[in-house]
Amino acid sequence: MSISPRRAGVALAALTALLVSGCSRGPEGPRPAPSPSQSSAAAPSPTPADPAARAAVLVRTLADEDLVGQVLMPYAYGDSATKVSPGSAAGNRALAGVDTPAEMVARYRLGGVILVGFSADDPTSGNQETTNVDNPKQVRALTTGLRAAAGKLPTGSAPFLIGTDQEYGVVTRITDGVTLLPSPLAAGAAGDPKLTEAAWRAAGAELAAMGINMDFAPVADVLATRSTVIGSRSFGADPENASAQVAGAVRGLQAEGVAASVKHFPGHGLTAADSHKDLPVVSQSRAVLDRTAFPPFRAGIDAGAMAVMSAHLDVKAVDPGTPATFSHKLLTDVLRGQLGFQGVVITDGMNMAPAKRWSPGEAAVRALNAGNDLILMTPNVGQAYDGLLAALKDGSLPRARLVDAVTRVLTMKFKLADRPTPDLSTLGSAEHRKAADELAAAAVTVLRGRCGGPVAGPVTVTSSAGRDRTRALLTQALTAAGVKVVPSGGTVVHLVGYGDGARDLRADAAVTVAMDTPYVLAGAKSPMLLATYSSSRASMTGLAQVLAGRARPTGRSPVKVAGLPATTCDT
């Protein structure tokens, strides 16, 4: 799927101007049920082929209730669209006054839904209120049910948006039965955008097979600080390398019909604070932002990214005191005006602390007025919906702004239209595993010790607490590579990962391996230090090949580790 970069904003602006006066007013009484006849009155025949033209035709037919619903993308409780547990029904009633996800779609005429879930060592777990992903077959059934509900709406001719945070590494919503890529930081260590693009194309195909057409990835944040909330979710500290990686990931996803959402604008890696808990301050100058934070976002835009996610950050150099999510200066003046982005801007989770300083309705209005087009994960769907309708009626949300947002959303949807859904059998295919394996193998880095050559065997694999699965993966991979593994008494290969520190190191380890950010290696005493930046099966296979002397480690650390080189393999 070819996505042209920086779609002309002039045409969209002109369409919006034409549409503002033509959009039908919804009734001012109680919220009506959607009617298919509302969307058919003025549609010309034949339907235009261009996505923006198709969006323009559809927007002209929509009532106020439809317009407001299209800018909402909440989460829902339950692993099925129509049949949920009593607990999930209670969660949906508190969130939206309905029992099931399908009822939520119908009542609020939603533009999309985000699938949420938990994963090991997840730094975003604070705003994951529930989980509705289990395995690919279940996800495919859930997305099919959601689309069936959305197909009955006046906007039913446009594909329903179903997104998730499938970043790979520590933030991976669907983990069972899929090809797991190494983390973005591992891709940064590999330093080969072609490998990144191939791996993310495999990821896009698997997401599409499960019925997901939007990925809230890749992370474009440059890791300028030792942020634990961003960490290995970033491609690294070098803006040029990160830019090339972001562009590769965007091209890979969108080649398979999955919209990429580059995040977190204007750059969460410039602060170590966690926006899930508080409002982080970005204190760097505008010159530093231009040089460090913005290049990967520019690269994503130039690669054709359909969406950019705004962040809950206080950017002192541009709009001090106002979170970027609610900053017209950052989203409209900088992102659109200066960086030239013409696609969909989507908020970070509105259930995060910085966005909850306002009521759900007021926060949604403020976010739209700032320049966002989609409101993600509102903490109360009914209040956000009603607040937007009230603001549209009293003029505090200009009709032109809402029409512009919906036109952008529908344009993106029609760009995703008419794509066949791959079969679930594509998941975990040999081709996809090969793409993940090649990227992971290229990431393995030696930061201390000889470059290549087998580790003296037999080997004993140890780790910090709670990493039994990863130890088993490495044990299997070492055995397959011809290395004998013994429970004790062998050459100790010690694994450390997300959240580990000096206390998790092992003094007698011959080899210490960092499976997340490699900063912890600065305090390790092992004669050999390695980094995989990730604990996926592919990463453990790549590590085993190096330890067995079958592969030369070619990765370079994409972040600086005190007292250690980026690699010992330069010579």
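For the reader, a short list of remarks on this structure follows.
- Cβ-derived FRET efficiency at R0 56 Å, Ala502 paired with Glu362, nearest 0.05: 0.80
- In plain terms, the C-alpha convex hull of the stretch 221-290 casts an average shadow of 5.0 nm² when viewed from every direction.
- DSSP-loop trypsin sites (Lys or Arg not before Pro) across the stretch 511-571, with at most 12 other Cβ within 10 angstrom: Lys525
- Each of Ala353 and Ala148 was given a label point 7 Å from its Cα along the Cα-to-Cβ line. The distance between the two points is 4.2 nm.
- Shown is the FRET efficiency for Glu240 and Ala456, computed with R0 = 45 Å from the Cβ-Cβ distance and rounded to the nearest 0.05: 0.70.
- Spin-label pair Ala317/Asp570, simplified geometry with 7 Å Cα→Cβ offset, distance in nm: 2.8
- Beta bridges per DSSP, both residues in the chain: antiparallel share near 15 percent.
- Each peptide among 199-208, 452-461, 244-253, 337-346 gets the average number of other Cβ atoms lying within 10 Å of its residues, and from highest to lowest they stand as 244-253, 199-208, 337-346, 452-461.
- 222 nm mean residue ellipticity, helices alone, for the chain (DSSP H n ≥ 4; -39,500 (n - 2.57); rounded to 500): -10500 deg cm²/dmol
- With both labels modelled 7 Å from their Cα along Cα-to-Cβ, the Asn135 to Arg469 distance reads 1.4 nm.
- Cβ-defined net charge surrounding Ala158, 9 Å radius [Lys, Arg +1; Asp, Glu -1]: +2
- Convex hull of Cα atoms in the stretch 444-508, direction-averaged projection (nm²): 5.0
- The convex hull around the C-alpha trace of the stretch 215-345, projected and averaged over every direction, spans 6.7 square nanometres.
- Taking max minus min of the alpha-carbon positions on each principal axis, the chain gives extents of 77, 49, 41 Å, largest first.
- With viscosity 0.890 mPa s and temperature 25 °C, the Kirkwood radius over alpha carbon pairs of the stretch 278-366 converts through Stokes-Einstein to a diffusion coefficient of 181 µm²/s.
- Modelled label reach - Leu424, point 7 Å along Cα→Cβ, the stretch 177-214 residues with backbone N closer than 12 Å: 177-178, 209-211
- Across the cross-link table entries Lys83/Lys434; Lys194/Lys484; Lys194/Lys263; Lys83/Lys263; Lys263/Lys525; Lys137/Lys413, which are compared at the Cα atoms, the separations over 28 Å belong to Lys83/Lys434; Lys194/Lys484; Lys83/Lys263; Lys263/Lys525.
- Taking all Cα pairs closer than 8 Å and separated by 6 or more residues, the relative contact order of the chain comes to 15 percent.
- The stretch 371-475: trypsin sites (Lys or Arg not before Pro) in DSSP coil with no more than 11 other Cβ atoms inside 10 Å: Arg450
- In loop segments of the stretch 478-541 as defined by DSSP, there are no chymotrypsin sites (Phe, Trp or Tyr not before Pro) with at most 10 further C-beta atoms inside 10 Å of their C-beta.
- Taking each residue as 0.36 nm, the span from Val486 to Lys329 lengthens on full extension beyond its C-alpha to C-alpha distance by 50.5 nm.
- Kirkwood radius, the stretch 497-553, all distinct C-alpha pairs, inverse of mean reciprocal distance: 11.7 Å.
- Gain on full stretching of the segment that runs from Ser285 to Ala90 - 0.36 nm per residue minus C-alpha separation: 65.5 nm
- The stretch 386-496, accessible area per residue, ligands and nucleic acids excluded (1.4 Å, Å²): 42
The values are calculated or read from the model by the stated rules, or taken from the named source; none is laboratory data. From a predicted model like this one, the values you see are computed outputs, not experimental measurements. Every residue, glycine among them, receives a Cβ derived from its backbone with ideal geometry; neighbour counts consider all protein chains shown. Keep in mind that these areas ignore ligands, DNA and RNA; they rest on the heavy atoms of the full protein, side chains included. Shrake-Rupley method; radii C 1.70, N 1.55, O 1.52, S 1.80 Å.
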